[in-house]
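Take a look at the structure set out below.
The values are calculated or read from the model by the stated rules, or taken from the named source; none is laboratory data. Being a predicted model, the structure only gives us computed values, none of them experimental. Note that each Cβ is placed from the backbone with ideal geometry, even for glycine, and that neighbours are counted across all protein chains shown.
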Amino acid sequence: MPSLLHALQTTIGRKILTGITGIFLTLFLVVHLAGNFSLFSSNPEAFNAYTEFLHSLGALLYLVEIILVVVFLLHAYIGVSIWLRKRKARPENYSVYKTSGEPSRQTVASKTMALTGVVILVFTIVHLFTFKWGPGIAEGYVTYIDGQEVRDLKRLVNDIFQNEFYVIGYTAVMILIGFHLKHGIWSAMQSLGAMSPKMSPVIYTIGGLIALALAVGFLFVPIWIYITGGV
Ligand code: HEM
């Protein structure tokens with residue numbers, strides 16, 4: 001704990017912590033996306049079986065969820081504090097960016113990290129109320145797996161994405177998540193020191209491709225369901 005507090009007090013410590021927490025959250029997204037794709041499995045109950053398996057983990061799932069919340073809040077807190085410090089230190093209405101000699105990574109994505117981060121935070125809260133704490137067995141979202149009554153999350157996902165407001169909203173947020181990840185992955189690698197001048201463009205490209213794959217993967221689900229009427 002003292003070393004965490006110390007890390008929070010130094011600029012480099014804060015950058016390293018944002019990088020580590022960011023990579024953890026990106027890994028969560030990779031796992032979440034893989035789970036979402038079970039919606040397209042030839043087994044119609046694959047998605048419900050997957051979410052039911054997660055719930056059957058009981059205390060272990062709660063532990064992972066608590067870690068996820070702590071990491072998410074830490075990441076948001078440090079991200080906003082870095083942004084506020086930068087704003088304070090910035091000369092008024094600067095119009096010229098000084099680069100360190102390497103190609104500049106000042107892009108729309110890098111300059112809007114705080115904004116896209118706040119949008120992702122608000123989205124996540126709405127998202128949890130829609131799905132995690134949304135209608136369940138009592139509201140008729142029920143199905144049977146091996147004779148056991150379970151929550152029919154697949155039907156909820158299908159119902160939610162019949163509504164164009166959700167589809168447009170999810171699509172817009174997934175694009176912003178893509179921008180956030182594009183700069184975030186590169187920045188994390190740089191903060192964690194995995195970057196030589198030679199590797200920098202390679203990691204920048206790989207980060208961009210991972211961000212694109214995640215954004216397209218996530219927005220595919222609502223758009224596909226809306227267009228086809230359901231999976
Ligand atoms: C089209 C895209 C998405 C769909 C269809 C989707 C679907 C779902 C569903 C059905 C659940 C409930 C799982 C359960 O209760 O067992 C869930 C949980 C969750 N989703 Fe998503 N999701 C999507 C995108 C995202 C994105 C982009 C994020 C992050 C920014 C995210 C973050 C979460 C979190 C944090 C949980 C709670 C996990 C837990 O507590 O176990 N989701 N999602």
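For Ser41, indicate whether it is within 25 Å of Ala213 (Cβ to Cβ), within 15 Å of the ligand (Cβ to nearest atom), surrounded by fewer than 16 Cβ atoms within 10 Å (Cβ to Cβ) and over 22 Å from the mean Cα position of the chain (by Cα). So Ser41 passes the test.
Each residue in the range 161-170 was checked for being within 11 Å of the ligand (Cβ to nearest atom) and either of a type in the set (Phe, Trp, Tyr) or assigned to a loop (DSSP other than H, G, I, E, B) (or both), and 3 pass.
Screening Val118, Val122, Val173, Val126 for residues that are within 13 Å of the ligand (Cβ to nearest atom), surrounded by 20 or more Cβ atoms within 10 Å (Cβ to Cβ) and in a helix (DSSP H, G or I) leaves exactly one candidate, Val173.
Any idea which residue in the range 44-64 is farthest from the ligand (Cβ to nearest atom), counting only those that are part of a helix (DSSP H, G or I) and closer than 20 Å to Val231 by Cα? The qualifying residue farthest from the ligand (Cβ to nearest atom) is Ala46. Only one of (1) at pLDDT below 85; (2) under 27 Å from Ile12 (Cβ atoms); (3) surrounded by fewer than 14 Cβ atoms within 10 Å (Cβ to Cβ) is not met by Leu84, so which one is it? (1) is the only condition that Leu84 fails.
Quick check: anything in the range 27-36 over 30 Å from Gln148 (Cβ atoms), hydrophobic (A, V, I, L, M, F, W, C) and either free of Cβ contacts under 8 Å to residues at least 24 places away in the same chain or part of a helix (DSSP H, G or I) (or both)? Yes: the range 27-36 contains one or more residues that are over 30 Å from Gln148 (Cβ atoms), hydrophobic (A, V, I, L, M, F, W, C) and either free of Cβ contacts under 8 Å to residues at least 24 places away in the same chain or part of a helix (DSSP H, G or I) (or both). Taken over the range 191-215, the criterion of being touching a residue at least 40 places away in the same chain (Cβ under 8 Å) and outside any loop (DSSP other than H, G, I, E, B) is satisfied by Ser191, Ser200, Pro201, Tyr204, Ile210, Leu214, Ala215. Quick check: is even one residue across the range 203-226 surrounded by fewer than 17 Cβ atoms within 10 Å (Cβ to Cβ), more than 10 Å from the ligand (Cβ to nearest atom) and at pLDDT below 90? The answer is no, given that none of the residues of the range 203-226 is surrounded by fewer than 17 Cβ atoms within 10 Å (Cβ to Cβ), more than 10 Å from the ligand (Cβ to nearest atom) and at pLDDT below 90.
Criterion first (more than 11 Å from the ligand (Cβ to nearest atom), in a helix (DSSP H, G or I) and under 18 Å from the mean Cα position of the chain (by Cα)) does Leu8 satisfy it? Judged against the criteria, Leu8 is not a match.
Pairs meeting the criteria (first residue in the range 146-160 and under 24 Å from Ile223 (Cβ atoms) and in a loop (DSSP other than H, G, I, E, B), second residue more than 8 Å from the ligand (Cβ to nearest atom) and β-branched (Val, Ile, Thr), beta carbons under 7 Å, at least 6 apart or on different chains) are Asp152/Val142; Asp152/Thr143. Of all residues in the range 129-151, exactly one satisfies the criterion of being among the polar types (S, T, N, Q) and exposed (fewer than 11 other Cβ atoms within 10 Å of the Cβ), namely Gln148.
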